[in-house]
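Engineer: I'd like to ask you about the structure that follows.
Since every read-out is calculated from the coordinates, none of them should be taken as a lab result. Keep in mind the model is a prediction, meaning the values are calculated, not measured. As a convention, Cβ positions derive from the backbone with ideal geometry for all residues, glycine included, and neighbour counts pool all protein chains shown.
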Amino acid sequence: MKYKGWLLPPALRDFHEGRIWLKEHTTFSKGDIEKSINHKYFHIIEGIQKEPHLKCNRCHNDNLQLFTTFACSKCQQQCIYCRHCLNMGRVSSCTQLMIWTGPRAMRTRKHSLKWAGEFTVLQQQAANEMLESVKAKRSHLIHAVCGAGKTELLFPTVHYALQQGLRVCIATPRTDVVLELYPRFQTVFPQTMIHALYGGSPKQEGYAQLVLATTHQLYRFERAFDIMIVDEADAFPYTFDETLQSAVQKAKTENAPIMLVTATPSQKLLTQYQNKSYSFIPKRYHNRPLPVPRFHSLWSYEKSLKRGKIPRKLKQWTEERLARKEPFLLFFPKVELMKIATPLFQLLDANIMAVHAEDPQRKEKVLKLRHEEVPGLLTTTILERGITIKNVQVAVIGAESTIFTSSALIQIAGRVGRNANFTDGDVVFFHHGITTEMDDARTKILYYNKKGFS
């Protein structure tokens, strides 16, 4: 005898659990969605809250300047929509958002950790402190210099949480960091369903107990994660956009602790955590000091590039890298200037490439540098963190520019000397006048070396 009732599709449950989703954007059949609503498996809320004040219920934007009124063809009225999260699909006053309240997905407690590495004494101490904080449901800050092995520090905590049947999110402001972390976690947790979520990421099947996501993707989650880890917690745009910080709060369950991991914490973060729940690692895992940046004047570099000429010192530095077959990153303050400079550098070597935030081939170009298929990349601050290239050398053009804050410069310098076989390397800040941010970056690097080796 055939069963004639309705059965909830497991894929629908697995996808929607923990998510807040536009009803009209679901990929599941209208019939299954309506039956799920009738079974009270979804809580339906309005897209735009009007009282006591305007607020987008997905991204929590309440800035009036980021709402727009339009003539809506769907409801035949003047509708308000949120511009802040528009690229994720329009949330307007007549759209409905769905929050899953139905049966929970099956969670496994069988997760293996396949990592053969060994912690240094400082790493082990920090990993233990982080794990204790998770067990106590207490938020924690790990302050570890670039190349200290921050990713590896997360392994014991993530493993413990998964074995407890908990759902874990590792969020980061930058897509490049997600792309860097994803294969590493897949290797280390071979039994675990892991999803990587970022703008333009492919559809991924199943229920992921471990999610790696950009902080923007957290707009789409609601009370989903039992452990929230924010990697590179000081990075733009997370520190400047309060809705991203709010997204982290709303994406975690009520009592879930937040683990913050960064090489360059703000003073605000240090004040908040330093005397409570804080771990500090002032030196790299391979026990060698951080490369200290050199300052070199590069007067009128912008005029020179616009005239079609690479300044002599910069050209010499690049030619040295090419002659020694050392991979390099050249950081530019503006995309426009980088685009002007690219054909000039390609005269030195036709395989030199440029990459920026809107580049659709950004992932492939970084892989080409990693695989030694190109000699070097011209880039913007998008590659200041979360990227590890063996034996890479780094130059900043226009280090005096306001985009190169002290933390950005520390992160850029931190690309160099990370590999145990190449613990040194060149970091040069080409400038049109030394700034306090440049001085502060070098002073902090010297301070970390002193703390690590005193």
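Engineer: Kindly provide the Kirkwood hydrodynamic radius of region 13-61 in Å, to one decimal, from all pairs of distinct alpha carbon atoms.
Structural biologist: That comes to 12.2 Å for region 13-61.
Engineer: Something else: If each residue's Cβ is checked for other Cβ atoms within 10 Å, how do Ile44, Ile37 rank with the fewest at the top?
Structural biologist: On the way: Ile44 10, Ile37 16.
With the fewest neighbours first, Ile44, Ile37 line up as Ile44, Ile37.
Engineer: If I fit a long axis through the Cα atoms of helix 436-453 and take the longest principal axis of the Cα atoms of the chain, what angle between them do I get, 0 to 90°, rounded to 10?
Structural biologist: 90
Engineer: For the chain, what does the relative contact order come out to in percent, with C-alpha contacts under 8 Å and a separation of six or more? Kindly include the intermediate steps, with their values, before the conclusion.
Structural biologist: On the way: 854 pairs, mean separation 66.0, N = 454.
Relative contact order for the chain comes out at 15 percent.
Engineer: If you restrict to DSSP beta bridges whose two residues both lie in the chain, what percentage is antiparallel, to the nearest 5? Display every interim value, and only then the final one.
Structural biologist: Working: 18 of 63 bridges.
In the chain, approximately 30 percent of DSSP beta bridges are antiparallel ones.
Engineer: Another one. To the nearest 500 deg cm²/dmol, what mean residue ellipticity at 222 nm is calculated for the chain from DSSP H runs of n ≥ 4 alone, each contributing -39,500 (n - 2.57), summed and divided by the residues?
Structural biologist: Details: 13 runs with 142 residues, N = 454.
Rounded to the nearest 500, it is -9500 deg cm²/dmol.
Engineer: Still on this structure, I have one more. Going 7 Å from the Cα of Leu348 toward and past its Cβ, which residues in region 408-433 have a backbone nitrogen under 16 Å from where you end up?
Structural biologist: Residues 426-431 qualify, since their backbone N sits under 16 Å from the label point.
Engineer: Using a 4.7 Å cut-off between beta carbons, which cysteines in the chain end up with no partner cysteine at all?
Structural biologist: Cys146, Cys169
Engineer: Taking H placed 1.01 Å from N in the peptide plane, check which residues at least 5 places from His111 or on another chain put their amide H under 5 Å from its amide H.
Structural biologist: Sorted by chain and number, the residues that satisfy this come to none at all.
Engineer: Tell me, what ³J(HN,Hα) does each residue in region 130-140 have, in order and in whole Hz, if you take phi through Karplus 6.51 cos²θ - 1.76 cosθ + 1.60 with θ = phi - 60° and put x for Gly and Pro?
Structural biologist: 5, 5, 4, 5, 4, 4, 8, 6, 10, 5, 8
Engineer: Run through all the Cα pairs of the chain and give the fraction in each 20 Å bin from 0, expressed as whole percent.
Structural biologist: Taking every Cα pair in the chain, the percentages come to 23, 51, 24, 2, 0.
Engineer: Within 10 Å of each residue's Cβ, count the other Cβ atoms and sort Ile142, Ile352 from fewest upward. If you can, show how the numbers build up before the last one.
Structural biologist: On the way: Ile142 29, Ile352 22.
Arranged by neighbour count, lowest to highest, Ile142, Ile352 become Ile352, Ile142.
Engineer: Enumerate the amide H contacts of Phe225 below 5 Å, restricted to partners 5 or more residues apart or on another chain; note that Pro and chain-start residues carry no placed amide H.
Structural biologist: Residues meeting the criterion, in which the H sits 1.01 Å from N, are Lys252, Thr253.
Engineer: Would you mind getting me the FRET efficiency between His39 and Thr253? Use the beta-carbon distance for r and R0 = 25 Å, nearest 0.05. Walk me through the intermediate numbers first.
Structural biologist: Values: r = 23 Å, r/R0 = 0.92.
That gives a FRET efficiency of 0.60.
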